[in-house]
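**Student:** Once you've had a glance at the structure underneath, I'll fire off some questions.
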């Protein structure tokens, strides 16, 4: 594989969107670090890449684990050019009043605190490296603006990611750090498998929803990552054309 001299870190890189993006970045010549909790899944992605990729497991809900991850990236590669904050989790789709504090905390700890910890560590590397700066891309989800029924923890966390993206974009300017967000609707991954059997709608009906190839998500992230640091995609939505999002479904 070719090497473009740039280093990328993909969280939640063992499956789904993270895997697709990691493979696309490696194919485009990035040296890619994939991280997540499951070493076996990460190793499978590294093996399928055929080069330009290493796995470093971490627990993104633990700030010490995140600090160790970024220290390892810096020690091995000396810099970081792209961070794709992709790792995320969800709570069971049950009524809001039935959610437990533990279920709420698990989502918030991963989807927003983990993103913040990674962003903070990326800043610490990117602002002092030479050439200075880098790019952070957050996986926001359609839920960053539009909720589904019974999704309070996930929706709240993704709305928070949108705010963090804007703050990161603003605070990164003085360090030549660009930050943008990709909101993805119904891409073809194991997490979206339920779309084919039907999901709950706002009118409480159950409907099958269309999906689309995750390759198009990877291509979109690759485009965002490839821009020079004086240009930025702040928000980008990639979705199944006929998913019930706009209008009244």
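Quick note: the coordinates plus some simple rules give every number you see, no bench work behind them. Since the model is a prediction, treat every value here as computed from it, not as a measurement. Using ideal geometry, Cβ is built from the backbone for each residue, glycine included, and neighbour counts are taken over all protein chains shown.
**Student:** Given the options 64, 43, 109, which has the most mean-square fluctuation in a GNM of the chain, springs set between C-alpha atoms less than 10 angstrom apart?
**Tutor:** 64
**Student:** Here is a further query. For helix 152-171, what angle does its Cα long axis make with the longest principal axis of the chain, in degrees from 0 to 90 and rounded to 10?
**Tutor:** Between the helix axis and the principal axis of the chain, the angle is about 30 degrees.
**Student:** Output the antiparallel fraction of DSSP beta bridges having both residues in the range 7-239, as a percent to the nearest 5.
**Tutor:** Counting only bridges with both partners in the range 7-239, antiparallel ones make up about 5 percent.
**Student:** How do the peptides 128-141, 232-245 rank, highest first, by the average count of neighbouring beta carbon atoms within 10 Å per residue?
**Tutor:** Working: 128-141: 20.4, 232-245: 15.6.
Descending packing order for the listed peptides: 128-141, 232-245.
**Student:** Related question: Full-extension gain between residue 219 and residue 241, please, as 0.36 nm times their residue separation minus the C-alpha to C-alpha distance. Display every interim value, and only then the final one.
**Tutor:** Working: separation 22, 0.36 × 22 = 7.92 nm, distance 1.67 nm.
Extending this stretch completely gives an extra 6.3 nm.
**Student:** At 7 Å along the Cα-to-beta-carbon direction for both residue 3 and residue 156, put a label point, then send me their distance in nm to one decimal.
**Tutor:** Taking the two extended label points, one gets 4.6 nm.
**Student:** Per-residue ellipticity at 222 nm for the chain, helices alone: DSSP H runs ≥ 4 residues times -39500 (n - 2.57), over residue total, nearest 500 deg cm²/dmol? Mind showing how you got there, number by number?
**Tutor:** Working: 7 runs with 91 residues, N = 249.
The per-residue figure over the chain is -11500 deg cm²/dmol.
**Student:** Would you please give the FRET efficiency between residue 194 and residue 39, computed as 1/(1 + (r/R0)^6) with r the Cβ-Cβ distance and R0 = 25 Å, to the nearest 0.05?
**Tutor:** Numbers: r = 27 Å, r/R0 = 1.08.
After rounding to 0.05, the efficiency reads 0.40.
**Student:** On to the next question. Calculate how steeply helix 215-226 sits against the longest principal axis of the alpha-carbon atoms of the chain, using the helix alpha-carbon long axis, and give the answer as 0 to 90 degrees to the nearest 10.
**Tutor:** Rounded to the nearest ten degrees, it is 40.
**Student:** State, as an integer percentage, the relative contact order of the range 153-249 based on alpha-carbon contacts under 8 Å between residues 6 or more apart. Present the calculation step by step, with values, prior to reporting the outcome.
**Tutor:** Details: 113 pairs, mean separation 31.5, N = 97.
Result for the range 153-249 is 32 percent.
**Student:** Relative to the first principal axis of the alpha-carbon coordinates of the chain, what is the inclination of helix 63-77, with its axis defined by its Cα atoms, in degrees from 0 to 90 and to the nearest 10?
**Tutor:** Rounded to the nearest ten degrees, it is 40.
**Student:** Rounded to the nearest 0.05, what FRET efficiency do residue 100 and residue 62 give with R0 = 25 Å and r taken as the Cβ-Cβ distance? Could you check? Could the numbers behind the result be given before it?
**Tutor:** On the way: r = 21 Å, r/R0 = 0.84.
The value I calculate is 0.75.
**Student:** Provide the gained length on full extension for the span residue 203 to residue 130, in nm with one decimal, where the gain is 0.36 nm per separating residue minus the Cα-Cα distance.
**Tutor:** On the way: separation 73, 0.36 × 73 = 26.28 nm, distance 5.37 nm.
Answer, rounded to one decimal: 20.9 nm.
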